[in-house]
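Asks: First, the structure itself, so that you have it in front of you.
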Amino acid sequence: MVERQENGSDILRVAVDAMGGDFAPREIVAGAVEAARSGGVQIAVVGDPDKIAAELARHDIEGLPIGAVPSEGVIMEGESPARALRQKPRASILVSTGLVKKGLADASVTMGSTGAAMAAAAVVLGVMEGIERPALGGPIVGLAPRTVVIDLGANVDCRPAQLVSFALIGHVFARLFWGIEKPRVAMLSVGAESGKGNRQVQEATELMAGSGLNFIGNIEANDLPNGVAEVAVCDGFVGNIIMKLTEGFGAGMAEHLKNSLDGQLSELEVERVAGEVYEMNNVVESYGGGPLFGVNGVSIVGHGRAKAESVRRAIATAKLSVEVDLVKNLNDELAGIRGLLGDKA
């Protein structure tokens, strides 16, 4: 582990799971090197020692605050997280999360399995009081930069009470990051009318209506770009589909614009317009990843397909999350309004 510099107590330490992701370890290490070069962070890349050494040798890292921490094994997409945690106790995601638990890192970053990241964070860091399961959430629609959708894939099967806890996390997120005193909370459903939706949605709606949150009822997916609510609640199955549809739409529209505007605008202008459309609909990629909410430590989870630039951005998001004291503020906010929910979450 890279030691904190004697005269740099404000330099944050980030543990990066170099083995997680479709392009690991090459792109992960490359992004970590760029983050170290950008300043303000010390990086520990966690992974197979030989592979990490080979990748670091591809870069000029002399004088950079970056080092390696050995691990054994990788938890892959599709593996049972609970079983893998038992069978691979030295896996890269467990080692990197463990560095946060031990106080040797201020945050961890992974582009690997979301399920493994959630399980590792819950087991190693522990879950905040009043939160049954960690959740992933954040703005994913560029036209509504102040709408957090939660959950985005960490929990594909949820009981209604768990959806209430997601609403609570979203409420705190909007207050903490956007300074909104009473964020509007809505339930994503197949219709805006009361009573629409499956049993899970209907029961969650009843719970949220009596929660004390500023619950405005159901909204539909086509309401998301209009910013009608600051918090849109759904289970991770629905949220992940919406996120990936939005990202795919952005990529497809960007390519369509390049073809349609070819010859009508300069190449530079075409790239600018297409790039804006792409980034507007790929918000997660713009930030590199998002924090796993509800655990007692900063754990950033990014896309499996992330390249070096996304990894660099994810490390910057980790740095920001530590700087705003996300975990303490979230815990404090939760304690302040937990009484509103009683045993509902």
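Asks: If a helix is a whole DSSP H run, which ones in the chain reach 24 Å or further along their own axis (Cα) and hold a mean Kyte-Doolittle hydropathy of at least 0.0?
Replies: Length and hydropathy pass: 160-178, 236-261.
Asks: Still on this structure, I have one more. Rounded to the nearest 5, what % of DSSP beta bridges with both residues in the chain are antiparallel?
Replies: Taking every DSSP beta bridge with both residues in the chain, the antiparallel ones total about 25 percent.
Asks: Taking every pair of alpha-carbon atoms in region 135-285, give the share separated by more than 26 Å as a whole percent.
Replies: Above the 26 Å cut-off, region 135-285 has 29 percent of its Cα pairs.
Asks: Using Cβ contacts closer than 10 Å as the measure, can you line up Val298, Val156, Val33 from fewest to most?
Replies: Values: Val298 26, Val156 14, Val33 23.
Fewest-to-most Cβ neighbours within 10 Å comes out as Val156, Val33, Val298.
Asks: Just going by the charge dipole of region 135-285, with Lys and Arg at +1 and Asp and Glu at -1 on Cβ, which of Ala254, Gly142, Gln264 is farthest out on the positive end?
Replies: Gly142
Asks: Right, something else. Grab the other residues whose beta carbon is less than 14 angstrom from that of Gln87, score K and R as +1, D and E as -1, and report the net.
Replies: +2
Asks: Could you go through region 65-75 in sequence order and give the Karplus-derived ³J(HN,Hα) for each residue, using 6.51 cos²θ - 1.76 cosθ + 1.60 with θ = phi - 60°, rounded to whole Hz, and x for Gly and Pro?
Replies: x, 9, x, 10, 10, x, 9, 9, x, 9, 8
Asks: Take the alpha carbon gyration tensor of the chain, find the square roots of its eigenvalues, order them as a ≥ b ≥ c, and report rounded if a/c is under 1.5; if not, report prolate when a/b exceeds b/c, else oblate.
Replies: Since a/c reaches 1.5 but b/c is at least a/b, the shape of the chain is classed as oblate.
Asks: Below 14 angstrom from the Cβ of Pro145, what's the summed charge of the other residues (Lys, Arg +1; Asp, Glu -1)? Please report the intermediate quantities before stating the final value.
Replies: Details: positive: Arg146; negative: Glu230, Glu276, Glu279.
Combined, the nearby Lys, Arg, Asp and Glu give -2.
Asks: What whole-number distance in Å separates the alpha-carbon centres of region 163-214 and region 230-260?
Replies: Measuring centre to centre over Cα atoms gives 21 Å.
Asks: Checking the a/c ratio against 1.5 first, then a/b against b/c, what shape does the Cα gyration tensor give for region 266-333?
Replies: Note, shape of region 266-333 comes out prolate.
Asks: For the chain, what is the calculated [θ] at 222 nm in deg cm²/dmol (nearest 500), taking -39500 (n - 2.57) for each run of four or more DSSP H residues and dividing by its residue count?
Replies: -14000 deg cm²/dmol
Asks: Shifting gears a bit: Of the residues Asn282, Asn155, Asn222, which exhibits the maximal mean-square fluctuation in a Gaussian network model of the chain defined by a 10 Å Cα contact cut-off?
Replies: Among Asn282, Asn155, Asn222, the largest GNM mean-square fluctuation belongs to Asn222.
Asks: DSSP loop (so not H, G, I, E, B), at most 10 other Cβ within 10 Å: list which GluC sites (Glu not before Pro) in region 62-107 pass both filters. Intermediate values should be presented prior to the final figure.
Replies: Numbers: sites: Glu62, Glu72, Glu77, Glu79; in loops: Glu62, Glu72, Glu77, Glu79.
Here the GluC sites (Glu not before Pro) that fit, given the DSSP loop and packing criteria, are Glu62.
Asks: Further question: Report, in debye and to the nearest 20, how large the dipole of region 135-285 comes out about its Cα centre when Lys and Arg carry +1 and Asp and Glu carry -1 on their Cβ. Present the calculation step by step, with values, prior to reporting the outcome.
Replies: Working: 10 positive and 19 negative charges, 120 e Å.
Here region 135-285 has a charge dipole of around 580 debye.
Asks: Something else now. Counting only the backbone N, which residues of region 128-162 are under 19 Å from the spot 7 Å out from the Cα of Asn222 toward its beta-carbon?
Replies: Once the point is set 7 Å along Cα→Cβ of Asn222, 141-144 turn out to lie under 19 Å by backbone N, inside region 128-162.
Asks: Relative to the present Cα-Cα distance, how much length would full extension add between Arg86 and Asp325 at 0.36 nm per residue of separation?
Replies: 82.9 nm
Asks: Let's test the formula: R0 of 22 Å, r as the Cβ-Cβ distance of Asp332 and Ile11. What FRET efficiency results, to the nearest 0.05?
Replies: So, using R0 = 22 Å, E works out to roughly 0.30.
Asks: First select every other residue whose beta carbon is under 13 angstrom from the beta carbon of Ala32; then total the charges, Lys and Arg +1, Asp and Glu -1.
Replies: Summing Lys and Arg as +1 and Asp and Glu as -1 gives +3.
Asks: Hey, another quick one. Which residue, Ala161, Ala54, Ala232, has the most motion in a Gaussian network model of the chain that connects Cα atoms within less than 10 Å?
Replies: Ala54
Asks: Here is a further query. How large is the charge dipole for the chain, taken about the Cα centre, if only the Cβ atoms of Lys, Arg (+1) and Asp, Glu (-1) carry charge, to the nearest 20 debye?
Replies: That gives a dipole near 780 debye.
Asks: For the chain, modelled as a GNM with alpha-carbon contacts under 10 angstrom, which of Gly142, Gly63, Gly195 fluctuates the most?
Replies: Comparing Gly142, Gly63, Gly195 in the GNM, the peak value goes to Gly63.
Asks: Go ahead and run the numbers for FRET between Leu104 and Lys244, Cβ-Cβ distance against an R0 of 45 Å, rounding to 0.05.
Replies: Efficiency for this residue pair is about 0.85.
Rule-based calculations on the coordinates, nothing more; no lab input. Nothing here was measured: the structure is a model prediction, and the numbers come from that model. Because the Cβ atoms are built from the backbone with ideal geometry, glycine has one as well, and the counts that use them run over all protein chains shown.
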